[in-house]
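First up is the structure itself, then whatever we jot down about it.
The values are calculated or read from the model by the stated rules, or taken from the named source; none is laboratory data. No experiment lies behind these values; they were computed from the predicted model shown. Don't worry about glycine lacking a Cβ; one is built from the backbone with ideal geometry, like all the others, and counts go over all protein chains shown.
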Ligand SMILES: Cc1ncc(COP(=O)(O)O)c(C=O)c1O
């Protein structure tokens, strides 16, 4: 079968992920929030869409050939999605990861037949991203069978979210959300969504959610503990015109909202989704006019039992699961 046919088949398995409406307590008042549950995607996260957009582009550029080996720096979810796609396409895949990867993701990558290369040295910005990228560049320079997917700079990363994720949300909600909250790491998801909403629902406020210690769009570098959200380098995709507000979440409040949503609704959110809900609750406290917010929840909680759902892990990083610090 030709690569394009495998890609068409993969596309039929992507989306449409559910939007669920919950009630959360904000300053003692019930407020509605909508959650776009990307953990329901094939491969378990929003990165299935990103991987599809990136690999489809490589195929269009004629780079998916027998004998090639895809390579990417990944905090986990994109790696799992690329490993799945590499199997579809019958090519190899090498994931360059760091110690923040969850054990659940690491096991899944190996189950999917990926070669895993672990970097051990943190970079000067308090994360591992720059170390991972240096390792990828070194490996690509040494062996021309490698094809670097490059989620950090490849324009097809935001483009798939502009073309697919944004329109899917607009088609699912009876009225467009008045505010969208999404986590940033490469910034691809947010940049693509924002371009879509700016064009089709310009009144929607776009709120980017980062984690303390990340420099994905400004901010002070520092040690980070959550995987999937934040970055040690500035995003290549985000510009000020795409962001109405930038919120920084802490690990404790992210863990608190993961647990609160699970307890109150049975929905099992991943760590970055807890950060997004925390930022949303804080924003709602300050903006009573927002009535129909949407939180993009990048993945589900299965991979985070040993981190945000673990009291021992929170204690070890000197945090506790505490709610967003809202005024009032
Ligand atoms: C857990 C998690 N959070 C947030 C994001 C958003 O990241 P990015 O800015 O790279 O699109 C992702 C990936 O899409 C993710 O896997």
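Please indicate, with yes or no, whether at least one residue in the stretch 131-142 is farther than 22 Å from residue 12 by Cα and assigned to a loop (DSSP other than H, G, I, E, B). Walk me through it before giving the result.
Going through the stretch 131-142, the residues farther than 22 Å from residue 12 by Cα turn out to be 131-142.
Applying the additional criterion that residues be assigned to a loop (DSSP other than H, G, I, E, B) yields none.
Scanning the stretch 131-142, I find no residue that is farther than 22 Å from residue 12 by Cα and assigned to a loop (DSSP other than H, G, I, E, B), so the answer is no.
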The lone exception for residue 48 - which of (1) within 13 Å of the chain's Cα centre (by Cα); (2) touching a residue at least 60 places away in the same chain (Cβ under 8 Å) it fails: (2)
Here are some residues: 165, 186. Which one is part of a loop (DSSP other than H, G, I, E, B), surrounded by 20 or more Cβ atoms within 10 Å (Cβ to Cβ), within 14 Å of the ligand (Cβ to nearest atom) and within 15 Å of the chain's Cα centre (by Cα)? 186
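What about residue 78, is it modelled with pLDDT of 95 or more and either farther than 22 Å from residue 272 by Cβ or crowded, with 24+ Cβ neighbours inside 10 Å (or both)?
Yes.
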Please work out if residue 272 is under 23 Å from residue 20 (Cβ atoms) and within 15 Å of the ligand (Cβ to nearest atom). yes
Go through 228, 218 for me and flag whichever is touching a residue at least 24 places away in the same chain (Cβ under 8 Å) and surrounded by 23 or more Cβ atoms within 10 Å (Cβ to Cβ). 228
Is it the case that some residue within the stretch 17-38 is in a helix (DSSP H, G or I) and within 16 Å of the ligand (Cβ to nearest atom)? yes
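Only one residue in 218, 230 is within 13 Å of the ligand (Cβ to nearest atom) and at positive phi. Which one? Give the steps one after another, and end with the answer.
Values: 218 fails: within 13 Å of the ligand (Cβ to nearest atom).
Exactly one of 218, 230 is within 13 Å of the ligand (Cβ to nearest atom) and at positive phi, namely 230.
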So for the stretch 242-251 (the condition being more than 10 Å from the ligand (Cβ to nearest atom), within 24 Å of residue 126 (Cα to Cα) and either surrounded by 24 or more Cβ atoms within 10 Å (Cβ to Cβ) or outside the structural domain of residue 191 (by TED's automatic domain parsing) (or both)), does at least one residue qualify? yes
For the stretch 52-70, name all the residues that are crowded, with 24+ Cβ neighbours inside 10 Å and either in a strand (DSSP E or B) or free of Cβ contacts under 8 Å to residues at least 60 places away in the same chain (or both). 70
Tell me whether the stretch 271-292 contains one or more residues that are part of a strand (DSSP E or B), assigned by TED's automatic domain parsing to the domain that holds residue 228 and touching a helix residue (DSSP H, G or I) at 6+ places or on another chain (Cβ under 8 Å). no
